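Asker: Have a look at the structure that comes next, please.
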Protein chains: 2
Amino acid sequence: MHPYTAPLRDIRFALDVLGAEDLYQRLGFKQADRELIDAVLEEAARFAQAVLAPLNAPGDEQGCAFDAATGDVRTPDGFKEAYAQYIEAGWSGLTAPESRGGQGLPESVGAIVKEMIDAANLAWGNYPLLSHGAIVALEHHGEAWQQEVFLKRIIDGSWTGTMCLTEPHCGSDLGLLKTRATANSDGSYSVTGTKIFITGGEHDLTANIVHLVLARLPDAPVGTRGISMFVVPKFMTSREGAVGARNALRCGSIEHKMGIHGSSTCVMNFDGAQGYLIGEPNKGLAAMFTMMNSARLSVGLQGLGLIDRAGQCALAYARDRLQMRALSGTKFPDKPADPIIVHPDVRRMLLTCKALSEGGRLLTLHATTLLDVIAQSKDEAERREADELLGFLTPVVKGMLTEWANECAYHALQVFGGHGYVREWGMEQLARDARITTIYEGTTQIQALDLLGRKIVQLQGAGMRRFLAMIQRFCEKHMHDASMIEFVLPLAEATRQWGELTMEVGKRASANADEVGAAAVDYLATSGYVALAYWWARAVAAADAGNYPEGFKTMKRETARFYFARLLPRIRSHDAAIRSGAATLQALDAGLFDS
Amino acid sequence: MHPYTAPLRDIRFALDVLGAEDLYQRLGFKQADRELIDAVLEEAARFAQAVLAPLNAPGDEQGCAFDAATGDVRTPDGFKEAYAQYIEAGWSGLTAPESRGGQGLPESVGAIVKEMIDAANLAWGNYPLLSHGAIVALEHHGEAWQQEVFLKRIIDGSWTGTMCLTEPHCGSDLGLLKTRATANSDGSYSVTGTKIFITGGEHDLTANIVHLVLARLPDAPVGTRGISMFVVPKFMTSREGAVGARNALRCGSIEHKMGIHGSSTCVMNFDGAQGYLIGEPNKGLAAMFTMMNSARLSVGLQGLGLIDRAGQCALAYARDRLQMRALSGTKFPDKPADPIIVHPDVRRMLLTCKALSEGGRLLTLHATTLLDVIAQSKDEAERREADELLGFLTPVVKGMLTEWANECAYHALQVFGGHGYVREWGMEQLARDARITTIYEGTTQIQALDLLGRKIVQLQGAGMRRFLAMIQRFCEKHMHDASMIEFVLPLAEATRQWGELTMEVGKRASANADEVGAAAVDYLATSGYVALAYWWARAVAAADAGNYPEGFKTMKRETARFYFARLLPRIRSHDAAIRSGAATLQALDAGLFDS
C-alpha cells in the first residue's frame, strides 16, 4: 500500500475554519494553543505514519489467532508493541481530565488523532476506540470507586474497555436481550449470558479488560426499560482496586470476517462473572447511549480516515500509471502514454474522494468541537444548543461518513483497475475494512431512523434548526459577495428544498409511521449532502479570507465547484425517492417477493 | 450461504416476454422448442444447485494453489470433478454448431445456463467463460485446421481456452503491449513475453489449455494497429492435432485476490512458445474484439447471476430474522419481534435487488437473442440491425449489470447486518467476488467510453436509434391502455430526456473531446436506467396479457412501480452531473490535488 501521509495541512485548515483556537481558549483549555496543538498533531502523524501504517497490511494477512484451549486471543505481530508505544506516549489519556491522569486536551483534538490512527490502521484503531467509549460511560455514570478503580486504568491505557451489547438474536433490537445479572450478598452481581460481535473482547495488549455489559436484573421490565449496565473485568477486581483471580468469563471464539482481521471480534461467554452495577438499575440504556454516541462519532472518524487514505492511494497511482492518451490530445508526448489522471472519469473518482474527505473533515470536526462545548462551556444555553446540534449531527456523521468511505474505497479500487483487486496494492483491504463501518455501532438504517424518527420527528428538529440557522447566517453574510455567489445561491436553494422536504416528510409521518422508515435513508443522505455544501462554501470563504498560498485557494475553490456540480445534485434522486413515499415499498406482500 | 434456487419461473417468463420460442423456430433452431428448453434449463438448474453451489464457499476458503517448482495450479477440491460432470453432460458445447460436435442450441439459452452457473459459483464459472470466448474467436477467425484441432476440443470441453491480453504496463491500453512473435521456418511462430491477470491461464481441469495471445510481429506498426493474435497451446500441438511436448510457456505465479479465489488468475510467461497466427497479421485487435464482446456479455451475465443470488439470500434472511417491531405497529404479536422484512428500508434493499435482477434479466437475455439473430437470420437487414443494436447494448449490459451486482451485494450484506460481515453466511464472499466484475473484460469506464465515444458519437448512435424505436413502438401500442399509462408516460418522458441529453452531449463533444470522458459513466448509467424502465413496462404488459397467476401479475406490477418510483429517478442526478460538463473535472491542475 502507498505509505500514509497525515493530511496535516488540511487538518490545520479545518481547525482555522472552525475557529478552534479561540474556542479552546474561551472554553478554558488554556494549554491548547496553536503551538501545542501543532506539536500534538505532528507527533500523532509520526506515530500513525511510522508505527501503525506499516502494520496494516501484515495485520490483515496474519489476523488474530484464537486459542480454543485457553480462550486467549493473540493480536497480529507488532500490535502489542505499537500499543505499548501508544500508552507510553500518553495517547490513551489525551482528552481525559487531568484530575484522572489524562492530559485534558479537547475532544476535537483527540478526534483528529483518531482520524490519523484509523487512516493508518483501522483494525488496530478499534482497540483504543472502545476504551474511549468506556471512559465516557464510566465518567458519566460510574460511582467514585468505579472511576478510581476502572476509569483511571483505562485512561492510562494499562487496561482497555469493551461494549458488550449484541447477542445472537439481538443486534439493532436491544430490547430482546437475555443476559441476566443477579445480586450477590457483597453488593456485586453475577452476570450470565452470551454476547457476540464484541470488538476487542479478548486480546493480548493489556493485563486486564473491562467489559461494560448490558444485562437484565431479575424481575426487570421487558424490553429496553429493563436493561442495566454492569462493569465486568476479565480479572476480578475489588472495590479497592486489587486484581484477583480470572473472572468467570471467556472468549468462546473469534469471527472470521471480511476485513479488519487485526481487530478481534469475539463471542464472549459470561458464566456467573462478577460485576458491578453502573448507574441505576434498569437505566442501562441511557448509560449505553452515552457510550454509543461517543462510539458513533468515532466510527464516523473511521470513515473520514478511510476516505482520506483511499483518495491518497488513488491519487498517487493515477499520477504514476500510464495508460492511453487524453481524449483531448496527448499531454505527455515524451511518455509512452499519459498518466491516467488526465482522464475525466479518473478525475471524477479522485475529486469525489477529495471533496468527501475535506468536506467531511469539517463536518466531523465541527461535531466534535460540540463535545468540547458541552463539557466545558459555562453557559447553560450554549451547552444545550450544542447538545441539540450534536444530537442532529451524530447520525449524519456516522451514517454518511461511513457510506462515503465505502463509496470512496470503491472508487479508489476502481482507479487501480485489476491491480486494485489483488492484495499487493492494499486497495482491496481498504474496501474490505471499510465495509464494517456502515454496520457496527448502529447500521446506516439505524442512524437514519435516529435522525428522522427521533431527532426530526420526535424532537421536532431542534438540532436541525440550529444547523439551518448556521447556514442562514453564512448565506446572509456572503449574499452580496460576488466571489461567493456561485456557492451561496445553490446552497440556499438546496437548504430551502431540504426544509420543505422535512415538512413534507413530517406531515406524512403523522399519517403513517411507515413513511419515516421509507424516507429515512434518503433523508439521511440529503442531510449529509446539504451539510457538506455548507461546509464547502465555508471552506472557500475561509480560504479566500485567510493567509494561504494561491494554489491552495484555487484548489479549495475548484474542489468546491466540483462538489456543487457533481455531488450535491444527488439530492435530486433522493428527493424523488422520498416523495414517492412508503407505498411502493410496502405494497408487495412478503409472500409474493419470490412468487 | 443460503442454498441457491435457480429462478426458473422468472427465466421462463423472460423467454415469454422476448418471444424466444417463436424466434428460435423462425431462425431455424428446430429442436429448440418449449419442451427441450425446459428440459435443458431444469437440468442446468440441478447442476448449478446441487453440484456448483456447494463448492462455492469451500472453493473461496481453499482457493487455488500454485506450485512454484512446476508452475502447476491446483483448483479447489471438487472443481475438477464438477468440470468433468459439466463436459460429460455436454454443457461445454451447448451452443456450438452441431457440425463441430456441439448441440446447436441458441446462444440465448446458453446465456441462461451461464447465469445459473455464475449465481451458484462465480469462480468456477470463469473456466468455461473464457473457453466460450475462445470458441467464438476461433470460429470467426481460425483457419480450417485450427478449428479442427483446437476448436473441436474446446467445444467438447477436453481443453479450455484463455484470453492473453493484459501485460504489467498495459491493461485498458493494449496499444502498449510488448509481447513479440517471430516466424519459424515451419509456418509456426515463437511467442515471447509476459501476460498478467490471465483467468484460467493454468489449472488442473483439462489435459491441455489453449491460449489466445496478443503479440507483435517484427516491424509491426506501433499501437493497436500492430497487434496480431496467436493460438499457443500449453502442450505443443501439430496441424494434424498430435499433442507433443510441453510448450515453452509457464505460469509464473497466481494472484492473491479480494475474491474469486477458486478462479486462477495467472502471470503467464511465454518464452519462445510455439504458436500459430490466427487471422491476418496485425489484425489481431479485430479478432480480440470478437472474443471480447462475447466475454463482455458473459461478465454481464455474471452480474445478473450475482444480483439474483444476493437478492435470494437477503430475502430469506429478512423473512427469518426477528428484530424490532414495524413502525406502523406490531405485525407478528406472537413472535418476540417482527421479521425485518416489515421494515421499509429493508424492503427498499430487497426490492432494489429484485427490480435489478428481473429487469436486468430481460435486458441481458434480449441482448443475447441478438447473437442468435446475427448468427442465424437469413435476412441481411435484420442481421445488420441486430448487430447495431447489440453493439449499443453490450457496454450497457456489461457496465450496468456489474455495477448493479456490486450495489446489490452491498445491500444484501447490509440486510444481514453484522452477520453479513462474517464469513459464515457467505454474503461477504458475494461482495468480494462481485467486485471484480466492474474491472475485468474492460472496466466500467471503458464500457462507458465504448458506449458514448464509439457507439453514440463515432457511429452516430445507430444502435441506440434501434433501441429508441423499440421503446417508441411499445409506447404507441400502450398509449391508450389505462392500466399501462402509469408506466408509459414516465417511460416516454425519461426516453425523451435521454434523447435530448444525447444531443447535448454530442454537441459538446464536438467542441471538446474531454466532454465525452466527463459524461461517459453518468451517460452509461442513464442508458441503463432508461433501458430497464422499458423492460419493466414490457414485463407488466406481458404479465397482464399472459396466463400467469394473479399473485405473479401483482408482483410484477408492484415491482415495476417500485422501479419507476425509486430507481428510475436516479437519472436526475446523472443528468445534472452530465450537464455540468467537463469543466469542474478538468480545472484542477494535477499538481494541486494535494496542495
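Each reported figure results from applying straightforward, stated rules to the coordinates on display, with no laboratory input. Here the structure is a predicted model, which is why all the values come from computation and not from measurement. Reconstructed Cβ throughout: ideal geometry from the backbone, glycine too, with neighbour counts over all protein chains shown.
Asker: Can you give me the C-alpha center-to-center distance between region B:242-317 and region B:138-187, rounded to a whole angstrom?
Answerer: Each part reduced to its Cα centre gives a spacing of 12 Å.
Asker: Please arrange A:VAL73, A:VAL342 by how many other C-beta atoms lie within 10 Å of their C-beta, fewest to most. Let's see the in-between values first.
Answerer: Details: A:VAL73 21, A:VAL342 24.
So the residues, fewest neighbours to most, are A:VAL73, A:VAL342.
Asker: Would you be so kind as to identify which of B:MET479, B:ALA65, A:ALA412 lies farthest towards the positive end of the dipole of the protein assembly as shown, taking Lys and Arg as +1 and Asp and Glu as -1 on Cβ and the Cα centre as origin?
Answerer: My answer, from the dipole projection, is B:MET479.
Asker: Further question on the same structure: When the Karplus curve 6.51 cos²θ - 1.76 cosθ + 1.60 is applied with θ = phi - 60°, which whole-Hz ³J(HN,Hα) does each residue of region B:302-310 get, with x for Gly and Pro?
Answerer: Those phi angles translate into 4, x, 4, x, 5, 4, 4, 5, 4 Hz.
Asker: If you place +1 on the Cβ of every Lys and Arg and -1 on the Cβ of every Asp and Glu, how big does the dipole about the Cα centre of the protein assembly as shown come out, in debye to the nearest 20? List each step's numbers first, then the result.
Answerer: Working: 118 positive and 138 negative charges, 253 e Å.
Using only the charged Cβ atoms, the result is roughly 1220 debye.
Asker: Sticking with this one: Starting with the fewest neighbours, write out A:ASP204, A:ASP118 ranked by other beta-carbon atoms found within 10 Å of each beta-carbon. Numbers along the way, then the final one.
Answerer: Details: A:ASP204 15, A:ASP118 29.
Taking fewest neighbouring Cβ atoms as first place, the list is A:ASP204, A:ASP118.
Asker: Now for a different question. Counting each pair of different Cα atoms once, what's the Kirkwood radius of region B:182-317 in Å, rounded to one decimal? Write down the numbers at each step before the final one.
Answerer: Working: mean 1/r = 0.0593 Å⁻¹.
Averaging 1/r across every pair of different Cα atoms and inverting gives 16.9 Å.
Asker: Which one, B:TYR189, B:LEU212, B:LEU174, projects farthest toward the positive side of the charge dipole computed for region B:138-217 from Cβ point charges (K/R +1, D/E -1)?
Answerer: B:LEU174
Asker: Can you compute 3J(HN,Hα) from phi for each residue in region B:558-570, using the Karplus curve 6.51 cos²θ - 1.76 cosθ + 1.60 with θ = phi - 60°, rounded to whole Hz and x for Gly and Pro?
Answerer: Along region B:558-570, the couplings run 5, 5, 4, 4, 4, 4, 5, 7, 10, 9, 4, x, 4 Hz.
Asker: Count the net charge of all other residues whose Cβ sits under 11 Å from the Cβ of A:LYS398, scoring Lys and Arg as +1 and Asp and Glu as -1. Kindly include the intermediate steps, with their values, before the conclusion.
Answerer: Details: positive: A:ARG296; negative: A:GLU403, A:GLU441, A:ASP450.
My count for the surroundings of A:LYS398 gives -2.
Asker: Shifting gears a bit: For region B:462-583, what D do you get in µm² per second when you plug the Kirkwood radius from alpha-carbon pairs into Stokes-Einstein at 25 °C and 0.890 mPa s? Spell out each step's value before the answer.
Answerer: Working: Rh = 15.4 Å.
Here the translational diffusion coefficient equals 160 µm²/s.
Asker: Return an integer: the convex hull volume of the alpha-carbon atoms of chain B, in Å³ per residue.
Answerer: Convex hull of Cα atoms, per residue: 175 Å³.
Asker: Sticking with this structure for a sec: Using a 7 Å offset from Cα along the direction of the beta-carbon, what are the separations from A:GLU500 to the same position in each other copy, nm, ascending?
Answerer: Nearest first, the other copies' label points are 1.8 nm away.
Asker: Quick one: putting +1 on the C-beta of Lys and Arg, -1 on the C-beta of Asp and Glu, what dipole do you get for region B:462-583 around its Cα centre, in Debye to the nearest 20? Display every interim value, and only then the final one.
Answerer: Values: 16 positive and 13 negative charges, 34 e Å.
Here the size comes out at about 160 debye.
Asker: What are the label-to-label distances in nm, one decimal and shortest first, from B:ASN184 to the same spot in the other copies, with labels 7 Å along Cα to Cβ?
Answerer: Values, ascending and in nm: 8.2.
Asker: A further question on this structure: Using the Kirkwood formula on the Cα atoms of region A:328-420, what hydrodynamic radius do you get, in angstrom to one decimal? If you can, show how the numbers build up before the last one.
Answerer: Values: mean 1/r = 0.0619 Å⁻¹.
Computed over region A:328-420, the radius equals 16.1 Å.
Asker: Separate question: With r defined as the distance between the Cβ atoms of B:ARG26 and A:GLU148 and R0 fixed at 56 Å, what FRET efficiency is calculated, to the nearest 0.05?
Answerer: Values: r = 87 Å, r/R0 = 1.55.
Working from the Cβ atoms, E equals 0.05.
Asker: Please order B:ARG473, A:ARG384 by the number of other Cβ within 10 Å, starting at the fewest. Before the final figure, lay out each step's value.
Answerer: Working: B:ARG473 10, A:ARG384 13.
In increasing order of surrounding Cβ atoms, one gets B:ARG473, A:ARG384.
Asker: Sorted from shortest, what are the nm distances separating the label point of A:ASP334 from equivalent points in the other copies, each placed 7 Å from Cα along Cα to C-beta?
Answerer: Ordered by distance, the counterparts are at 8.0 nm.
Asker: A further question on this structure: Work from the charge dipole of chain A (Cβ charges, +1 for Lys and Arg, -1 for Asp and Glu, about the Cα centre) and give the residue of A:ASN282, A:ILE446, A:ALA520 farthest towards its positive end.
Answerer: Positive-end residue among those listed: A:ALA520.
Asker: Where nothing but the Cβ of Lys and Arg (+1) and of Asp and Glu (-1) is charged, how large is the charge dipole of region A:344-409 around its Cα centre, in debye to the nearest 20? All intermediate terms of the calculation are to be shown ahead of the outcome.
Answerer: Values: 8 positive and 11 negative charges, 68 e Å.
About 320 debye.
Asker: Considering all alpha-carbon pairs of the protein assembly as shown, what whole percent are spaced by more than 52 angstrom?
Answerer: On the way: 162216 of 707455 pairs.
Counting every Cα pair in the protein assembly as shown, those more than 52 Å apart make up 23 percent.
Asker: Can you compute the helix-only [θ] at 222 nm over the protein assembly as shown? Use -39500 (n - 2.57) per DSSP H run of at least 4 residues, normalise by all residues, nearest 500 deg cm²/dmol. If you can, show how the numbers build up before the last one.
Answerer: Numbers: 40 runs with 624 residues, N = 1190.
Helix-only estimate at 222 nm: -17500 deg cm²/dmol.
Asker: Let me ask another. Out of every Cα pair in region A:261-331, what percent are spaced more than 18 Å from each other? Write down the numbers at each step before the final one.
Answerer: Numbers: 1786 of 2485 pairs.
Here the tail beyond 18 Å accounts for 72 percent of pairs.
Asker: Mind checking B:414-420 for the average number of partner chain beta-carbons within 10 Å of each residue's beta-carbon? Let's see the in-between values first.
Answerer: Values: counts 7, 2, 2, 10, 12, 6, 5.
Mean inter-chain Cβ contacts per residue within 10 Å come to 6.
Asker: With labels modelled as points extended 7 Å from the Cα through the Cβ direction, what inter-label distance (nm, one decimal) is found for A:ARG423 paired with A:LEU489?
Answerer: For the pair A:ARG423/A:LEU489, the computed spacing is 5.4 nm.
Asker: Here's another thing I want to ask about it. Would you please state the base-10 log of I(q)/I(0) at q = 0.25 1/Å for region A:511-574, with intensities from the Debye formula using one equal scatterer on every alpha carbon?
Answerer: Debye output, listed in q order: -0.98.
Asker: Apply the Karplus curve 6.51 cos²θ - 1.76 cosθ + 1.60, θ = phi - 60°, to the phi angles in region B:476-481 and return the couplings in whole Hz, x for Gly and Pro.
Answerer: So the Karplus estimates, Gly and Pro as x, are 4, 4, 10, 4, 10, 9 Hz.
Asker: Continuing with this model, one more query. On full extension of the chain, what length is gained from B:GLN376 through B:GLU550, given 0.36 nm per residue of separation minus the C-alpha to C-alpha distance? Walk me through the numbers before you get to the answer.
Answerer: Numbers: separation 174, 0.36 × 174 = 62.64 nm, distance 3.69 nm.
Roughly 58.9 nm would be gained on extension.
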